[in-house]
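The block underneath contains the structure these notes are about, expressed in structure tokens.
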């Protein structure tokens with residue numbers, strides 16, 4: 001069903017034109033570096049962000065990031081223009097334009113960031129903005145569900161990625177990608193395996209490798225312009241970009257080679273069969289994106305020039321034809337009211353320009369000459385022959401490319417030249433703002449194949465040099481490389497693909513039967529979430545008892561056991577007790593505190609317990625005074641007065657001021673109190689027996705007058721050196737006081753005497 005739009009609504013809106021203009025401006029900005037990077041090398045912009053943590057906001061523009069930046073902004077401009085017409089009249093279009101432009105900026109930051117922490121920030125921003133775009137139709141439960149699925153899965157991978165980045169920074173001494181790649185592979189270093197696993201988890205979830213693949217087809221809940229953008233040049237290629245960017249520092253090990261080869265190959269072939277299984281053309285293209293991502297990951301496992309050149313060339317051609325075909329399917333859906341492959345056919349006469357764009361993009365997808373897709377396929381076979389397990393790569397590559405050939409005919413040929421079914425609406429050509437994008441992308445794909453030298457010099461070779469860490473190491477882009485084994489494999493691929501297209505209806509039925517018996521990862525995700533929520537609810541019932549004493553008991557028990565465990569695991573000499581300097585005043589204060597404590601513990605009167613608690617607080621204040629800390633003593637006295645007043649007022653509102661009946665004994669509470677007190681005392685004794693480090697003391701003594709013009713060092717620290725911290729503490733105290741005042745001031749209103757008794761459910765809710 002077509003997404004909502006009004007063909008009669010004005011589509012030239014401020015939001016649409018501003019996003020188109022800004023994205024086009026960014027494209028022109030990066031376009032000026034097209035001759036610079038191949039000639040002069042990388043360009044860097046640096047701003048210190050958090051210097052103490054070696055975090056810089058640094059951007060690195062080399063061949064790889066330039067290719068991505070041009071794809072993101074170039075395709076982004078066409079998608080923004082397309083979306084303005086496609087969603088014309090949509091009441092939430094302004095919100096959509098904001099989301100899409102934010103997504104574009106996030107992806108730009110990801111591919112340009114040179115600092116790992118900055119890269120992670122942009123990585124998560126793409127996750128968040130894609131969540132907003134996938135769930136744009138927020139009234140649809142399916143859209144909300146699929147958006148949440150994409151968010152949770154990719155964000156979980158992002159957390160693993162952050163852990164890997166922190167390990168890299170700690171072990172390598174830098175967070176700068178350019179420095180890491182210049183230092184070479186980390187394969188021989190002790191933490192390499194852990195780093196690699198964490199980075200691969202982030203990359204595989206982002207780029208939807210098996211078994212994390214199921215979120216990407218579900219992302220088709222987003223409007224078609226989002227699908228075209230997300231699948232061609234942006235988010236789903238984020239993981240591929242990360243693997244390519246970190247290739248010099250993480251590649252070279254057997255774990256890298258076999259993991260990427262196996263996961264990438266399995267993803268490519270599995271996704272190709274699933275694409276053949278679909279009847280919704282948008283879903284078909286979604287699975288072909290999975291195929292492309294798997295192929296790219298598989299070839300990034302290699303270290304030869306041919307393998308990396310194949311990956312970069314295929315990345316470029318896939319971005320062009322995939323964006324074009326998604327936009328074509330959007331036009332078909334927009335004008336006919338359906339995306340069903342069984343119904344669509346014979347549209348070429350009514351939609352000639354769209355048919356031409358679809359045909360050119362489909363030929364590039366099928367890998368036929370003279371398109372860049374043919375060169376990419378030739379290089380893929382040449383690169384496969386140089387890789388570690390070449391037989392596996394050749395078999396997986398041929399299976400995927402042959403299935404892509406068949407899918408290209410299904411998507412780009414059959415809807416326009418096949419037999420026409422019963423369409424919901426009479427088809428006609430789409431508006432120029434929607435046709436322009438796929439037409440330009442298909443022509444660019446053709447020109448890139450006709451001019452392979454230009455494509456190689458300005459785009460592919462600089463990208464390969466960035467991935468390999470050395471210039472001029474890749475294979476050459478040629479339309480005719482001679483009669484060789486890659487050409488033979490290409491001819492076999494065409495033949496096999498054509499046969500698969502002829503029998504695709506029967507294959508679809510067979511795949512449907514197999515899918516019914518296979519494990520459904522998407523349904524498994526729902527089961528996993530349901531189980532997780534069930535465990536969370538059960539845990540909440542156990543932990544959240546609603547009794548304050550239970551919460552306090554658990555809190556103090558965790559504190560005591562944690563500190564006690566630390567003391568046991570890190571033993572030290574027992575601190576010596578020295579009472580030589582203790583005089584009559586100190587012993588008197590200690591006796592006062594002990595007496596107040598005994599009153600609190602033993603009395604049955606709440607008022608007496610409150611008085612005893614105040615005595616303990618005053619005793620602590622006297623200790624501060626005895627040891628020349630009057631500021632802290634005044635603070636302690638004020639806090640004690642506030643607590644006593646608040647508790648006294650609260651006790652006045654309680655039904656009984658004295659605890660009547662037999663005194664209850666709580667041995668567990670008593671034992672916990674003794675344990676907490678003993679552990680705290682032991683820690684304090686350990687601290688006081690540790691040699692005092694005067695570095696901070698000397699600094700404040702030297703700086704309080706010269707820099708802050710204050711002689712009271714404590715006041716200077718609070719007011720000048722810790723201004724924001726002190727302000728935050730004051731704000732907390734004020735908020736707490738206001739909360740206490742509200743609780744004491746506003747009591748529940750008594751119901752009238754003749755009011756009926758509340759129902760049990762209502763009474764429970766009020767309680």
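The values are calculated or read from the model by the stated rules, or taken from the named source; none is laboratory data. All figures in this text were calculated on a predicted structure; none of them were measured in a lab. Note that we place each Cβ from the backbone using ideal geometry, even for glycine, and neighbour counts take in every protein chain shown.
Listed by first and then second residue, the pairs linking a residue in region 138-164 that is under 15 Å from residue 205 (Cα atoms) to a residue that is outside any helix (DSSP H, G or I), with Cβ atoms under 7 Å apart and 6 or more places separating them unless they lie on different chains, are 147/135; 153/212. For residue 181, the criteria (1) buried (at least 18 other Cβ atoms within 10 Å of the Cβ); (2) in contact with a helix residue (DSSP H, G or I) (Cβ under 7 Å, 6 or more places away or on another chain); (3) more than 22 Å from residue 58 (Cα to Cα) hold in every case but one, which is (3).
Does region 117-137 hold any residues that are free of Cβ contacts under 8 Å to residues at least 24 places away in the same chain and in contact with a helix residue (DSSP H, G or I) (Cβ under 7 Å, 6 or more places away or on another chain), and which are they?
From region 117-137, those free of Cβ contacts under 8 Å to residues at least 24 places away in the same chain are 121-122, 125, 128, 131; that's our starting set.
Result: 122, 125, 131.
Taking region 670-725 as the range and being in contact with a helix residue (DSSP H, G or I) (Cβ under 7 Å, 6 or more places away or on another chain) and under 30 Å from residue 557 (Cα atoms) as the test, the residues that pass are 672, 675, 676, 679, 682, 683. Can you name every residue in region 165-178 that is touching a residue at least 40 places away in the same chain (Cβ under 8 Å) and either part of a helix (DSSP H, G or I) or over 20 Å from residue 190 (Cβ atoms) (or both)? 165, 168, 169, 176, 177, 178, listed by residue number.
For residue 283, the criteria (1) part of a helix (DSSP H, G or I); (2) touching a helix residue (DSSP H, G or I) at 6+ places or on another chain (Cβ under 7 Å); (3) more than 23 Å from residue 520 (Cα to Cα) hold in every case but one, which is (3).
Filtering region 34-81 to residues that are assigned to a helix (DSSP H, G or I) and surrounded by fewer than 17 Cβ atoms within 10 Å (Cβ to Cβ) leaves 36, 39, 40, 51, 52, 53.
Residue 621 meets each of the listed conditions (1) over 55 Å from the mean Cα position of the chain (by Cα); (2) under 30 Å from residue 713 (Cβ atoms) apart from (1). For region 150-168, taking the residues that are surrounded by 22 or more Cβ atoms within 10 Å (Cβ to Cβ) and within 18 Å of residue 226 (Cα to Cα), the one that is nearest to the chain's Cα centre (by Cα) is identified as 154.
The lone criterion from (1) closer than 30 Å to residue 337 by Cβ; (2) assigned to a helix (DSSP H, G or I) left unmet by residue 296 is number (1).
Quick one: which residue in 383, 367 is in the same structural domain as residue 320 (by TED's automatic domain parsing), surrounded by 24 or more Cβ atoms within 10 Å (Cβ to Cβ) and over 21 Å from residue 443 (Cβ atoms)? Full working, then the answer.
Working: 367 fails: over 21 Å from residue 443 (Cβ atoms).
Every option except 383 fails the conditions.
For residue 330, indicate whether it is more than 32 Å from the chain's Cα centre (by Cα) and touching a residue at least 40 places away in the same chain (Cβ under 8 Å). Step through it out loud before you land on a result.
Details: more than 32 Å from the chain's Cα centre (by Cα): no; touching a residue at least 40 places away in the same chain (Cβ under 8 Å): yes.
Taking the combined requirement at face value, the residue does not satisfy it.
Among the residues here, residue 308 does not qualify as surrounded by fewer than 21 Cβ atoms within 10 Å (Cβ to Cβ) and within 17 Å of residue 383 (Cβ to Cβ).
All of 435, 407, 443 fail the test of being crowded, with 23+ Cβ neighbours inside 10 Å and under 26 Å from residue 225 (Cβ atoms), apart from 407. Candidates 118, 97, 88, 113: the one that is over 30 Å from residue 455 (Cα atoms), surrounded by 19 or more Cβ atoms within 10 Å (Cβ to Cβ), in the same structural domain as residue 23 (by TED's automatic domain parsing) and in contact with a strand residue (DSSP E or B) (Cβ under 7 Å, 6 or more places away or on another chain) is 118. Exactly one residue among 538, 546 is in a loop (DSSP other than H, G, I, E, B), under 37 Å from the mean Cα position of the chain (by Cα) and modelled with pLDDT of 80 or more, and that residue is 546.
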